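Nothing in this text is a laboratory measurement; each read-out follows from the coordinates by a stated rule. Keep in mind that what you see is a predicted model, and the values were worked out from it rather than measured. We place every Cβ from the backbone using ideal geometry, glycine too, and count neighbours over all the protein chains shown.
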Amino acid sequence: MGFGRGVFSCSFPSKLNSDQVVRIEFSFGDDVYIPLFADREEDKVQIEQHVGLYITVGRSKNYMKILIADDEIDIRNLIKISLEENGYTVLAAQNGKEAWDILTAQDIDLAILDVMMPVMDGFNLLRKIREHSTIPVIFLTARTDDMDKVLGLGLGADDYLGKPFSVAELIARVRALLRRSNEYLSPKEQTAAAITYGHLSIDKEKCCVFKDGNPIEFGAKEYKLLLYFMENPERVFTKRQLYQAVWDEEFYYDGNTVMVHISRIRSRIEDDPHKPKYLKTIRGIGYKLHYLNETS
């Protein structure tokens, strides 16, 4: 390829996923020519030439999915069009229930939520999101009272923008949150797909459980229940809290169902299910994941 100041040949990385693009960066001394594609940097390969030539594999904006949940169709369409013009893929919902269905079926990178929505409001939707995900969330609402802002941020929102709003400002905040979420994470945070506790470990990407490196078969609810405990070790949960977190039921719970699944988990992870070393019963309250090394 020629750029007037020299012709170079180079090899692109052999493995590219369908959602990846290539960014090329030339540097001539202090002069830097950037970019063809300026996105999240993941892998950088330097080609040995007499100038600095870098190939960067990153995720294209077009494959970053943003969810909008707002019951006002004009606002949904305005935001959707504006984000798509800036290269994002946008999914829209008119209430919290529709938004939750999308979130459970799609890999969403950022959510923009209205507070006052039918079926499920933005606050309750955010509570459900934070039980399972750390994606950036922006509240976009006419409710701009300080207490509403405190509540929204306290529930785990990353930003709060009042209506009426500037589309340009919203786009800038979206970019900033996505940049923080995707570029500024430490390697440890980026690779936190595995959890280890005592002799147990969970590979969250493969949904596999291991004890001393040996795989253990789990049903879907048993896996989700154990994962919830391992993400919150030493914390005591009531049966109601566990049922609401794992079975996604906000107004109903079945304590016997929780007890049966706890028993099944113990039969798989404990040396002696009648004398558990991991899943402990806290009488009169519930359960917690607590492990003491034999040498302790």
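The table below lists the values:
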item	result
Computed lengthening from Phe165 to Asp203, 0.36 nm per intervening residue step minus Cα-Cα distance	9.5 nm
Between region 75-129 and region 265-283, the Cα center-to-center distance that results, in Å	40
Pairwise label distance in nanometres, Thr281 with Thr104, each label 7 Å out on the Cα-Cβ vector	3.1
Loop-located trypsin sites (Lys or Arg not before Pro) in region 213-244, at most 16 other Cβ atoms within 10 Å (DSSP)	Arg235
Estimated FRET transfer efficiency when R0 is 30 angstrom, pair Asp254-Asp212 (beta carbons, to 0.05)	0.35
Links that overshoot a 22 Å alpha carbon limit, given the list Lys239/Lys288; Lys206/Lys239; Lys221/Lys280; Lys80/Lys206; Lys128/Lys163; Lys128/Lys149	Lys206/Lys239; Lys80/Lys206; Lys128/Lys163
Exposure proxy ranking, count of Cβ atoms within 10 Å, fewest first, for Phe237, Phe210	Phe210, Phe237
Distant-in-sequence amide H partners of Ile112 (H built 1.01 Å from N, under 5 Å)	Leu67, Ile68, Ala69, Ile138
Ranked list, fewest to most other Cβ atoms within 10 Å of each Cβ, for Ser82, Ser263	Ser263, Ser82
Order of Asp272, Asp107, Asp114, Asp159 - criterion: other Cβ atoms within 10 Å of each residue's Cβ, fewest first	Asp272, Asp107, Asp159, Asp114
